[in-house]
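The values are calculated or read from the model by the stated rules, or taken from the named source; none is laboratory data. Everything quoted here is computed from the prediction, not taken from an experiment. Every residue, glycine as well, gets a Cβ built from its backbone with ideal geometry; the counts of neighbours run over all protein chains shown.
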Amino acid sequence: MNDDYITISPHFNPDPYRFRTYTVTFFSTPIITTVTTTPSVVRNWLFRVLRLHSIRRHRLVVGLGVQWSPYSSLAHSAAATLQLCIGHQCLIFQLLHADTVPLSLRRFLSDPRNTFVGVWNHSDIAMLLRSEHRLSVSRVVDARHVAAERNGLSSQLSMEKLAEILLGAPDVRKPQSIGVSNWNDYRLSLEQIQYACVDAYVSFELGRVLQVWNW
């Protein structure tokens, strides 16, 4: 990524089979990251984070990312993980290993008042639908298109370049070797967790700066 400005530190996790937590530091900003396969943990995370951001309830921006199995082509891949980021809170839900998806998450994803933002995310929705849990997302925005119309930037820019221009975060790197690593693993590596968190957090920040809720 960028070891000078982006780091990850594991917390003490007394019940690691239910969830694990980490602090990912992005250019001095700490992002509390929860990794889980457990529906009740997802439900509690949503409740807690939405309560923190209740003032923005009708213009809520959510960074959204998806990772998939390296053993199938992109056109046929199903989501292995779902990443959500709101403010400085990130959730990595390992869909592939989850028995069920809580109704609160389904309602949250399908609520048209929420704007889910990513970069080059045209495949994410299809992969979520192809997952065993068949998740549907109502309102998805690609930050590239908003930046092109509102800021006059090229619609072909990468997430890394958008982060540099719009967030003042230079030299953010998303190593391809991690992007195509085995996201089917039950125990994701620190590098994978950092990668997934940064992807969702940068998406959130781009959405916030670009005010995508009124796009």
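If you take the residues in the stretch 178-192 that are in contact with a strand residue (DSSP E or B) (Cβ under 6 Å, 6 or more places away or on another chain) and surrounded by fewer than 22 Cβ atoms within 10 Å (Cβ to Cβ), which one is modelled with the lowest pLDDT?
Per the stated criteria, the residue is Asn184.
For the stretch 191-212, check the following and say yes or no: at least one residue is touching a residue at least 40 places away in the same chain (Cβ under 8 Å), more than 18 Å from Phe26 (Cα to Cα) and touching a helix residue (DSSP H, G or I) at 6+ places or on another chain (Cβ under 6 Å).
Yes, the stretch 191-212 contains a residue that is touching a residue at least 40 places away in the same chain (Cβ under 8 Å), more than 18 Å from Phe26 (Cα to Cα) and touching a helix residue (DSSP H, G or I) at 6+ places or on another chain (Cβ under 6 Å).
So which strands (runs of 3 or more DSSP E) are wholly in the stretch 1-112 and hold at least 1 residues that are over 18 Å from the mean Cα position of the chain (by Cα) and not aromatic (Phe, Trp, Tyr)?
Filter on the stretch 1-112 gives 6-10.
Does at least one position in the stretch 148-156 carry a residue that is hydrophobic (A, V, I, L, M, F, W, C), out of contact with any helix residue (DSSP H, G or I) (no Cβ under 8 Å at 6 or more places or on another chain), surrounded by fewer than 21 Cβ atoms within 10 Å (Cβ to Cβ) and farther than 30 Å from Ser40 by Cα?
Checking the stretch 148-156: at least one residue is hydrophobic (A, V, I, L, M, F, W, C), out of contact with any helix residue (DSSP H, G or I) (no Cβ under 8 Å at 6 or more places or on another chain), surrounded by fewer than 21 Cβ atoms within 10 Å (Cβ to Cβ) and farther than 30 Å from Ser40 by Cα.
Failed condition for Arg43, given (1) modelled with pLDDT of 95 or more; (2) loosely packed, with under 14 Cβ neighbours inside 10 Å; (3) charged (D, E, K, R), with all others met?
It fails just one condition, (2).
For Pro102, all conditions in the list (1) at pLDDT 95 or above; (2) touching a strand residue (DSSP E or B) at 6+ places or on another chain (Cβ under 6 Å) hold save one; what is the number of the exception?
(2)
With respect to the numbered conditions (1) modelled with pLDDT of 95 or more; (2) basic (Lys, Arg); (3) in contact with a Ser or Thr (Cβ under 7 Å, 6 or more places away or on another chain), which one is the sole condition not fulfilled by Arg18?
(1)
Failed condition for Val117, given (1) surrounded by fewer than 22 Cβ atoms within 10 Å (Cβ to Cβ); (2) of a type outside the set (D, E, K, R); (3) farther than 17 Å from Thr33 by Cβ, with all others met?
Condition not satisfied by Val117: (1).
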